[in-house]
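Participant: Right, I'll just put the structure down here and ask away after.
The values are calculated or read from the model by the stated rules, or taken from the named source; none is laboratory data. Here the structure is a predicted model, which is why all the values come from computation and not from measurement. Every residue, glycine as well, gets a Cβ built from its backbone with ideal geometry; the counts of neighbours run over all protein chains shown. For the accessible areas, the whole protein counts, side chains as well, though only heavy atoms, and no ligand, DNA or RNA atoms are used. Shrake-Rupley method; radii C 1.70, N 1.55, O 1.52, S 1.80 Å.
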Amino acid sequence: MAISTDAHPPPGDVSPTGTRSPWYTNLFVQLLVGIVGGIALGWLWPTVGSELKPIGDTFVKLIKMLIAPLIFTVVVTGIAKVGDIKAVGRIGVKALIYFTAVTGFALLFGLVMGNIVKPGAGFDIDPATLADGTEQIAEKTGGGELPGAVEFVMDIVPTSVVGAFADNILLQVLFFAVLFGIALAKYGEHGPPLVLEFVDHLSHIIFMIIGWIMRLAPIGAFGAMAFIIGQYGISTLGSFAKLIACCYLAGALFVLVLALIAKVAVGLNIFTFIRYTKEEFGLALGTASSEAVLPRIMTKLVGAGNSQAATGLVVPTGYSFNLDGAAIYLSISTLFLAQATGHDLSVADQLGALFILLLTSKGMAGVPGSSFLALSATATALGIFPVAAVAVLLGADRIMDSMRVFVNLLGNCVATFVVSNWEGQLDKQKMQDAVHGRLSPGGADPVAQPPVVAEYESRQ
């Protein structure tokens with residue numbers, strides 16, 4: 001069964017017969033109800049809300065258990081059926097070039113915003129009160145540390161293929177999938193291998209399971225939001241109001257930068273695309289996890305004209321190399337801590353911090369408390385404010401998740417369009433038809449949107 005860029009998900013509120021489903025069956029509406037309900041419960045009954053963490057965590061775990069096999073099947077089938085081995089290398093190189101440029105700009109953008117807003121001014125942290133800060137950071141991060149540059153590159157190669165899947169290490173799974181897909185493409189020159197057909201059918205099964213799990217998305221979002229508000233409280237917003245406002249303002253302005261990139265590079269209206277993917281972004285915000293929507297966002301990207309090979313390579317790689325939202329947060333937080341402890345960083349210090357963060361941000365994915373580890377490494381390298389000062393952010397860090405997740409996810413979507421177009425694998429007419437809802441529900445490719453999933457989606 002052929003895999004092509006003709007795949008697309010059907011409009012969420014239209015049934016296969018062309019009639020509109022009731023508004024209350026729309027997944028986006030259900031997610032909004034779950035998120036608002038979670039916020040209300042966490043605010044009014046914080047003790048109850050803080051106990052609901054397992055609900056959100058369980059939903060995210062259900063999605064995560066399918067991410068590794070999903071990436072494997074998408075990448076293998078994409079590469080094997082494209083058949084152009086050189087194109088795979090070009091996509092990877094172009095993606096890394098784009099990631100480095102945009103992430104570096106995001107860090108610089110965050111520094112500019114931090115210098116303008118000065119979120120730490122007037123905070124007046126007394127270093128003498130930070131004696132137990134190091135212990136708090138160690139507790140938050142589980143005593144872990146970010147990998148060095150050499151270690152990070154070496155860790156891309158799995159010690160065991162089984163271990164890569166078992167531990168859900170996406171870059172290792174991606175590395176093996178690329179090799180497997182290339183080998184399958186070369187083997188296919190001598191005849192269509194049965195292995196490829198098996199991987200095709202396996203992807204059907206994975207998407208079928210994802211369709212079932214997505215029915216629980218509103219409940220997962222409800223539990224996650226109830227926990228965040230119940231555990232950290234609305235009062236946190238007041239204590240760190242300036243820092244939070246600065247981060248969210250920077251995130252909103254950076255979305256405009258991404259909108260400009262998308263418009264100039266591929267002619268895409270980013271806000272129309274967000275409307276096309278509103279369920280995915282709603283779920284990401286509700287669960288504070290971009291991994292929870294990885295299967296669906298990849299489907300939507302293929303449905304919007306990107307090739308399956310480009311989508312399968314760019315999106316998983318971007319989860320480690322293209323964390324634009326996290327980059328903005330790290331640079332603003334670095335300035336916040338310096339200003340709060342009474343230090344005025346020079347331009348040279350800030351450029352040094354930018355270089356350090358550019359390196360450490362690449363190893364953040366999958367590391368518990370990675371933002372604290374990156375900030376601690378920056379504090380140690382600069383030697384200006386104490387490492388223990390990083391613990392001040394413990395109360396506000398979780399509130400920043402929505403900004404980080406939204407910008408990270410949108411940044412990776414834009415990267416997919418840019419790289420796919422750069423490689424000549426973007427169907428722009430299909431992109432416009434998809435984001436404007438002009439594609440009929442019946443034309444979805446079974447691999448990118450299996451019938452069972454398409455049937456479920458059409459009821460949402």
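Participant: Say the cut-off is 27 Å between C-alpha atoms; which of 94/300; 64/428; 61/263 go over it? Walk me through the numbers before you get to the answer.
Facilitator: Values: 94/300 22 Å; 64/428 31 Å; 61/263 35 Å.
Beyond 27 Å between Cα atoms: 64/428; 61/263.
Participant: Is region 59-114 best put as rounded, prolate or oblate by its Cα gyration tensor, with a ≥ b ≥ c the root eigenvalues, rounded for a/c under 1.5, and otherwise prolate when a/b is larger than b/c, oblate when not? Walk me through the intermediate numbers first.
Facilitator: Numbers: a/c = 6.34, a/b = 1.37, b/c = 4.62.
Oblate.
Participant: Quick one: what are the phi-derived ³J(HN,Hα) couplings along region 207-218, Karplus 6.51/-1.76/1.60 with θ = phi - 60°, whole Hz, x for glycine and proline?
Facilitator: 5, 5, 5, 4, x, 5, 5, 5, 5, 8, 4, x
Participant: Can you list, largest first and rounded to whole Å, the semi-axes you get for region 288-341 by taking the square root of 5 times each eigenvalue of its Cα gyration tensor?
Facilitator: Values: eigenvalues 211, 23, 12 Å².
Largest first, region 288-341 gives 32, 11, 8 Å.
Participant: Can you give the extra length, in nm with one decimal, that the chain gains between residue 202 and residue 438 once fully stretched, where that is 0.36 nm per residue apart less the Cα-Cα distance? Before the final figure, lay out each step's value.
Facilitator: Numbers: separation 236, 0.36 × 236 = 84.96 nm, distance 2.95 nm.
Between residue 202 and residue 438, full extension yields an extra 82.0 nm.
Participant: Do you know the relative contact order of region 283-368, to the nearest whole percent, from alpha carbon pairs under 8 angstrom that are 6+ apart?
Facilitator: Working: 34 pairs, mean separation 23.8, N = 86.
Relative contact order, region 283-368: 28 percent.
Participant: If I compute solvent accessible area with a 1.4 Å probe over the protein chains, what percent of it on region 152-213 is carbon and sulfur? Mind showing how you got there, number by number?
Facilitator: On the way: 2640 of 3540 Å².
Percent of accessible area from carbon and sulfur atoms in region 152-213: 75.
Participant: On to the next question. Order 27-39, 315-327 from most to least packed using the mean count of other Cβ atoms within 10 Å.
Facilitator: Values: 27-39: 19.8, 315-327: 25.9.
Per-residue mean Cβ counts within 10 Å order the peptides as 315-327, 27-39.
Participant: Taking one equal scatterer on every alpha-carbon of region 25-122, how large is log10 of I(q)/I(0) by Debye at q = 0.11, 0.18, 0.25 1/Å?
Facilitator: Listed by q, the Debye log ratios stand at -0.80, -0.98, -1.15.
Participant: Per residue, how much accessible area does region 207-359 have with a 1.4 Å probe, in Å²?
Facilitator: Values: 4570 Å² over 153 residues.
Normalised by residue count, the accessible surface of region 207-359 is 30 Å².
Participant: For residue 269 and residue 398, compute 0.36 nm times the residue count separating them, minus their Cα-Cα distance, and round to one decimal in nm. Write down the numbers at each step before the final one.
Facilitator: Values: separation 129, 0.36 × 129 = 46.44 nm, distance 3.02 nm.
In short, 43.4 nm is gained.
Participant: Apply the a/c threshold of 1.5 to the C-alpha gyration tensor of region 260-386 and tell me whether it is rounded, prolate or oblate. Show your work: numbers first, answer last.
Facilitator: On the way: a/c = 2.42, a/b = 2.14, b/c = 1.13.
Because a/c hits 1.5 or more and a/b exceeds b/c, region 260-386 counts as prolate.
Participant: Run the accessible area of region 278-364 with a 1.4 Å probe and give the carbon-and-sulfur part as a rounded percent.
Facilitator: On the way: 1190 of 1750 Å².
Answer for region 278-364 is 68 percent, counting heavy atoms of protein chains only.
Participant: Which order do peptides 99-107, 264-272 fall in by mean Cβ count within 10 Å, highest first?
Facilitator: Numbers: 99-107: 20.2, 264-272: 16.0.
Top of the packing list down: 99-107, 264-272.
Participant: Using a 1.4 angstrom probe and counting only protein chains, how large is the accessible area of residue 279 in Å², to 10?
Facilitator: 10
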